[in-house]
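Q: Structure below; questions to follow.
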Amino acid sequence: DVVETQEHYKSRWRSIWIMYLTMFLSSVGFSIVIMSVWPYLQKIDPTADASFLGWIIASYSIGQMVASPLFGLWSNYRPRREPLVVSTAISVAANCLYAYVHLPHSHNKYYMLTARALVGFGAGNVAVVRSYIAGATSLTERTSAMANTSACQAVGFILGPVFQTCFTLIGEEGVMWKFLSLQLNMYTAPVLFGALLGVINIILIFAIFREHRVDDLGRQYKSINSDGEGSDVLDQNTEGSIDHVAVVALNILFFVILFVFAVFETIATPLTMDMYSWTRKEAVFNNGIILSAIGIESVIVFMVVKTLSKKTGERAILHAGLLIVLVGFFILLPWGKKLPNIQWQEIKNTTIPRTAPSEMLAPFWSYPELQLPSNHTAEPVGCPVTQSWCLNTPMIYLAQYISSDVLIGLGYPVCNVMSYTLYSKVLGPKPQGVYMGWLTASGSGARILGPVFVSQIYTHLGPRWAFSLICGVVVVSLLLLEIVYKRLIAFSVRYGRMQE
């Protein structure tokens, strides 16, 4: 056996910590604008509707889905520093583009779409991060390392909305820097901050990151993409085939997990603006606080699940996590009788930000006392009358919304870390870049379909249909988990090289 030296151990874990940072910055790049995309889109391009919002959110994941397998393949044969630096540089440039999408005189929504797609393309480095951590940890270290990785991702999701909430203090107008043609406000400052963090990440990758690889027992060996670190090597025992049924099942389960979470985070701002008559600024600020609290909850869950998995195993925890998510969405269904406040709108597009009683189902023009002058400039609030379901669907109470947030914030991180851990263990000692790329791509596909699905179903049919369908999807995923439960074991355990 080749014993790992203390120097090698420290270098290996320094590199893993750089991967944690990269994961953190990737999630910050997504979440730092998630609460403000809708109000910013309305501000820069009035032609954009809620349906287009779904495409804006999904564009990030389209870019990530395309890039993940490519970066994963790249990392299998070349030093991982290369795809990491290139992907981060793309994200930095895309964030700078997002800061300027308000400048063109037309088609602004398409510039925003392009910017978010490129940020997502840069985030394809998640596959490189996960594959490196899977290869640089022993089987006993894997669950803890994957939990830490997901915790860093969750911290990114926490701090992203926190940064956004802090930047709301700048206001919608902000400061105009004429020499850069840049309007620094609550919408552009967060992405510029994200770009700065990306530059710092690139510097740290060059300065600290090194290639390391160990087998399932923690013994050091050199991988094909090593750039010289580690002279003591072991021959890698890769005999035996990967259980592709388990691999496909985990890809499907991961798709469902990311799908339901994408629905949750996409619908937060429109739902609260419709149900609670929040303004754009209130929706961004309040949801930022709520999601930040949920993120803190998620980090605590990641820390607890590392210990709990040693006693119960990853499969049982994944099962419990899916059940919690199911309950969370079930609670979110409209159950009461009170209708949301209605945002009436005249044929001439003069918006009337008034609250209509739930009994008021007659045409709004028969109530002249509700109409405001055509030059009224107050921001409209409430559920738009153009969404016909607003007139007959009960409102979702704030207590329901927060309770659902708490449960989803508990179930999602459990499912996320367990699916990644099980996947890396099933794959075994072979290079995992491409496989991790496909897993990331399946998650990105979920982030594409989730926002599009919820924006279409929610806009046209309302929350009752949207959340009922989500509950059905989670039930099907639970059945799939039961079918493949016994196959979700580590590669080394499957071939008798280690005890489970």
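The values are calculated or read from the model by the stated rules, or taken from the named source; none is laboratory data. Worth saying up front: this structure is predicted, and the values here are computed from it rather than measured. Ideal geometry is used to build each Cβ from the backbone, glycine not excepted, and the neighbour counts take in all protein chains shown. Ligands, DNA and RNA are stripped out before the accessible areas are found, and what is left, the full protein with its side chains, is counted by its heavy atoms. Shrake-Rupley method; radii C 1.70, N 1.55, O 1.52, S 1.80 Å.
Q: Of the residues that make up segment 44-54, is at least one modelled with pLDDT of 85 or more, outside any loop (DSSP other than H, G, I, E, B) and not hydroxyl-bearing (Ser, Thr, Tyr)? Show your work before the answer.
A: First, the residues of segment 44-54 that are modelled with pLDDT of 85 or more: none.
No; the residues of segment 44-54 include none that is modelled with pLDDT of 85 or more, outside any loop (DSSP other than H, G, I, E, B) and not hydroxyl-bearing (Ser, Thr, Tyr).
Q: Also: State yes or no: is Ser138 among the small types (Gly, Ala, Ser), out of contact with any helix residue (DSSP H, G or I) (no Cβ under 7 Å at 6 or more places or on another chain), assigned by the TED database to the domain that holds Asn185 and free of Cβ contacts under 8 Å to residues at least 12 places away in the same chain?
A: no
Here is a yes/no grid of residues against (1) at pLDDT below 85; (2) open to solvent by 60 Å² or more (accessible area, probe 1.4 Å); (3) closer than 24 Å to Ile483 by Cβ:
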site: Leu323; (1), (2), (3): no, yes, yes
site: Leu339; (1), (2), (3): yes, no, no
site: Arg354; (1), (2), (3): yes, yes, no
site: Thr377; (1), (2), (3): yes, yes, no
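Q: Hey, another quick one. Give the residue that is modelled with the highest pLDDT, with candidates limited to residues of segment 447-500 that are among the aromatic types (Phe, Trp, Tyr), part of a helix (DSSP H, G or I) and open to solvent by 40 Å² or more (accessible area, probe 1.4 Å).
A: Filtering segment 447-500 down to residues among the aromatic types (Phe, Trp, Tyr) leaves 453, 458, 465, 467, 485, 491, 495.
Those still in the list that are part of a helix (DSSP H, G or I) too: 453, 458, 465, 467, 485, 491.
In the following step, the residues that additionally are open to solvent by 40 Å² or more (accessible area, probe 1.4 Å) were identified as 453, 465, 485.
Details: Phe453: 80, Trp465: 88, Tyr485: 85.
It comes out as Trp465.
Q: Also, quick follow-up: Mind checking whether some residue in segment 166-179 is open to solvent by less than 50 Å² (accessible area, probe 1.4 Å) and aliphatic (A, V, I, L, M)?
A: No, there is no match, as no residue in segment 166-179 is open to solvent by less than 50 Å² (accessible area, probe 1.4 Å) and aliphatic (A, V, I, L, M).
Q: In addition: Of everything in segment 253-288, what is more than 14 Å from Trp38 (Cβ to Cβ) and under 17 Å from the mean Cα position of the chain (by Cα)? Give them in sequence order.
A: Of all residues in segment 253-288, those more than 14 Å from Trp38 (Cβ to Cβ) come to 253-264, 275-277.
Matches in segment 253-288: Leu253, Phe254, Phe255, Val256, Ile257, Leu258, Phe259, Val260, Phe261, Ala262, Val263, Phe264.
One line per residue, one yes/no per condition, for (1) open to solvent by 10 Å² or more (accessible area, probe 1.4 Å); (2) over 26 Å from Ile289 (Cα atoms); (3) modelled with pLDDT of 85 or more:
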{"position": "Asn349", "(1), (2), (3)": "yes, yes, no"}
{"position": "Val381", "(1), (2), (3)": "yes, no, no"}
{"position": "Ile396", "(1), (2), (3)": "no, no, yes"}
{"position": "Ile408", "(1), (2), (3)": "no, no, yes"}
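Q: Also: Need the failing condition index for Tyr111 against (1) farther than 21 Å from Ala134 by Cβ; (2) open to solvent by less than 10 Å² (accessible area, probe 1.4 Å); (3) aromatic (Phe, Trp, Tyr), just the number.
A: (2)
Q: Another question, then. If I ask for residues that are out of contact with any Gly (no Cβ under 6 Å at 6 or more places or on another chain), of a type in the set (S, T, N, Q) and in contact (Cβ under 8 Å) with a residue 60 or more places away in the chain, which ones from segment 289-346 would you list?
A: Within segment 289-346, Ser292, Ser309 qualify.
Q: Another question, then. Can you name the number of the only condition in (1) at pLDDT below 80; (2) open to solvent by 10 Å² or more (accessible area, probe 1.4 Å); (3) in a loop (DSSP other than H, G, I, E, B) that Glu265 fails?
A: (3)
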